[in-house]
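Working notes, beginning with the structure itself.
Bear in mind that the values in this text are calculations on the coordinates, not laboratory data. For clarity, every value in this text was computed on a predicted model and none was experimentally measured. FYI the Cβ positions are ideal-geometry reconstructions off the backbone, even for glycines, and counts take in every protein chain you see.
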Amino acid sequence: MPLNKNLPVIYFIRHGETDWNRMGLVQGSIETDLNAHGEQQAQDVARALSEKRQELVGFQYVCSPQRRAQQTMGYITTALGVSMDSVKTEPRVRELGFGIWEGKPFWELKDSPVYPADAEGKYFWRPEGGESYEDGVARVDDWLSTLTSPVLVVAHGAVGRCLMGYVVGMKPADIVGLRTPQGCYCRLQNGQIDWFDANHNAA
């Protein structure tokens, strides 16, 4: 994929931990809530972003419609003194749908003969009733084409890989292996992916 040179700065935050994350279950379109650890992660990253308040002047605030992302954004807007009413809920950054695999353990999916063994195959694989990474990139591309200013977006792990990989022009096989740590924030700028923890250290 070509590098997307004309995009504004993007800050990406993955939602905090849920019980399903902790148990290793496939969430996808299923609605789940932050657990206590996830709430602490959201508060920590919110504090970190509040310390960068001056850098975030003029940013749009965008959030997945899913509850775990909305809860995370709530902590961020509170820390930044921004109203949740100013946050745009954006369906195109919702998590990838995993169809019949939602609610099942990731190990069961990874051990299944229907799941491709190679990274590029994983990118194009579409679970029954769900979406592929290729589908996610198409959604993200459609959303990015509307951006006119820097943006802070709270979303999810798989769609976050689509976002990061597409913005910096990665190959499909490399996108599926990207890290999306919780309790951290990611800056996408000048073709670079930079992750920071809640103390602003490289993560």
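For this structure, a couple of remarks:
- Inter-site label distance for Ser86 and Glu31 at 7 Å from Cα along Cβ, in nm: 2.7 nm
- Part-to-part distance (alpha-carbon centres) for segment 48-85 and segment 165-203, which is given in Å: 18 Å
- Only DSSP H runs of four or more residues enter the estimate; each adds -39500 (n - 2.57), and after division by the residues of the chain the mean residue ellipticity at 222 nm equals -10500 deg cm²/dmol.
- Potential extension, Ala202-Trp125 segment - 0.36 nm per residue separation minus Cα distance: 24.5 nm
- Ranked list, fewest to most other Cβ atoms within 10 Å of each Cβ, for His15, His156, His200, His37: His200, His37, His156, His15
- Sorted from longest to shortest, the spans of the Cα atoms of segment 10-196 along the three principal axes equal 50, 35, 25 Å.
- Segment 50-140 - Kirkwood radius from inverse mean 1/r over Cα pairs (Å): 15.6 Å
- Per-residue Cβ neighbour rank within 10 angstrom, fewest leading, Val168, Val140, Val154: Val168, Val140, Val154
- In plain terms, the residue of Val82, Val153 with the fewest other Cβ atoms within 10 Å comes first and the most crowded comes last, giving Val82, Val153.
- Taking 7 Å steps out from each Cα toward its Cβ at Glu39 and Leu109 produces label points 2.7 nm apart.
- Screening the chain for whole DSSP H helices of 18 Å or more along their axis (Cα) with average Kyte-Doolittle hydropathy at least -0.5 returns 67-80.
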